[in-house]
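Structure first, then comments.
The values are calculated or read from the model by the stated rules, or taken from the named source; none is laboratory data. In this text the structure is predicted, and so the values were computed from the model without any measurement. Here the Cβ positions follow ideal geometry from the backbone for every residue, glycine too, while neighbour counts run over all protein chains shown.
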Amino acid sequence: MQVDFRERMEVKYRELLENYLNDQSEQALYASQKFSRKTIEHKISPEEIISLHKQLLMELQPDLPEKVLNSFDILLEVMVGYGLAYREHQSLRHKQQELKSEIEIAANVQQTLLGTKIPKVNGLDIGAISVPARHMNGDYYHFVQDENNCISVAIADVIGKGIPAALCMSMIKYAMDSLPENRMSPGGILENLNRTVEQNVDPSMFVTMFYGMFNPEMNRLSYASAGHEPGFFYSSATKQFTELTAKGLLLGVEKKTKYTEYQKEVKPGDMIILLSDGVTECRTDDGFIERETLIGFINNYIHLSAQDIVNNVFKDLEKFQDFQLRDDFTLIILKRNV
């Protein structure tokens, strides 16, 4: 079939060349563009076209000066190198397109795999947003609502980005799904996950995690942290933000690590603000964003629903760093209404 195309190509190119030599029309040039697309489809190299051009020109214009014809030899050698580089470029471009397609599929699978529903419970308004810096997300958040309407929330961050971080986070999700139905305390959950990470994750990768459990009957938050970015607690009575301080070693560092558990009373109007370091490490030309600046952004929308707050804060911070998200961004707010 390729032989047949080459025969047709020679006939077609002769026709194009004759027409253009006779009248130099725009129509002939346009026809040559269509011809070039066909040659690319059939992987005809540039040097083949030049060789054919010289051959036909000698037939159509036998009285051309020898120097003109010899100049095609130089052009032919140049095009040999160009053709090799072009074919290598096309091959790399094709592989890049395949890789991009595979990454997009993997990102969609990850989004489905890591998906979690925001629970609904009377008196508690919850908002969450998680945006990856690249195709794959190295952040993870997860909600669980038990039979007593207790709300558990986990937010984790793999130190790293891209596919390795995403694969690690998928393993964390599987480990969390494998926890007992009755769920342990936040400290006990982190200890279980720590053993899983230590045994299954490459030693060069570490995971930070905050795990909290809100009891709606007692209006109390129990929580523990494995080296995760400190969140905030907003007191409606004092209109003040304070850090949710909690100490704990990153997951995967030491197998027998114990995690201290903390408690916080949550009154009407109070908010629990959880985040990944992609929020506090937003960068501008002047450096990292200050935590006070972040608090200011949150305070601007304090009167809105929890979901509207996280959405608006993300938009503000995205604009703040010229729409260049440099790290995975996750922000969660739990707001007590009554």
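Taken over the range 170-216, the residue count meeting the criterion of being closer than 20 Å to Cys150 by Cβ and either in a loop (DSSP other than H, G, I, E, B) or hydrophobic (A, V, I, L, M, F, W, C) (or both) is 17. Determine, yes or no, whether Asn219 is in contact with a strand residue (DSSP E or B) (Cβ under 8 Å, 6 or more places away or on another chain), of a type in the set (S, T, N, Q) and over 30 Å from Asn300 (Cβ atoms). Here the answer is no, as Asn219 does not meet what is asked. Condition first: in contact with a Phe, Trp or Tyr (Cβ under 8 Å, 6 or more places away or on another chain) and at pLDDT 75 or above. Can you find one or more residues in the range 165-172 that meet it? Checking the range 165-172: at least one residue is in contact with a Phe, Trp or Tyr (Cβ under 8 Å, 6 or more places away or on another chain) and at pLDDT 75 or above.
Based on this model, can you work out whether Val279 counts as assigned to a helix (DSSP H, G or I), modelled with pLDDT under 90 and within 19 Å of Ala154 (Cα to Cα)? Considered against the rule, which asks whether it is assigned to a helix (DSSP H, G or I), modelled with pLDDT under 90 and within 19 Å of Ala154 (Cα to Cα), Val279 comes out as yes. Selection of the range 235-261 for residues being without any contact (Cβ under 8 Å) to a residue 40 or more places away in the chain, outside any loop (DSSP other than H, G, I, E, B) and buried (at least 18 other Cβ atoms within 10 Å of the Cβ) yields only Leu244. Filtered by the rule that a residue be hydrophobic (A, V, I, L, M, F, W, C), under 22 Å from Ile118 (Cβ atoms) and in contact (Cβ under 8 Å) with a residue 12 or more places away in the chain, the range 191-234 gives Leu193, Met209, Phe210, Met213, Phe214, Leu221, Ala224, Phe232, Phe233. Note on the range 223-240: among residues that are touching an Asp or Glu at 6+ places or on another chain (Cβ under 9 Å) and of a type outside the set (Ser, Thr, Tyr), the one that is farthest from Ile295 (Cα to Cα) is Ala224.
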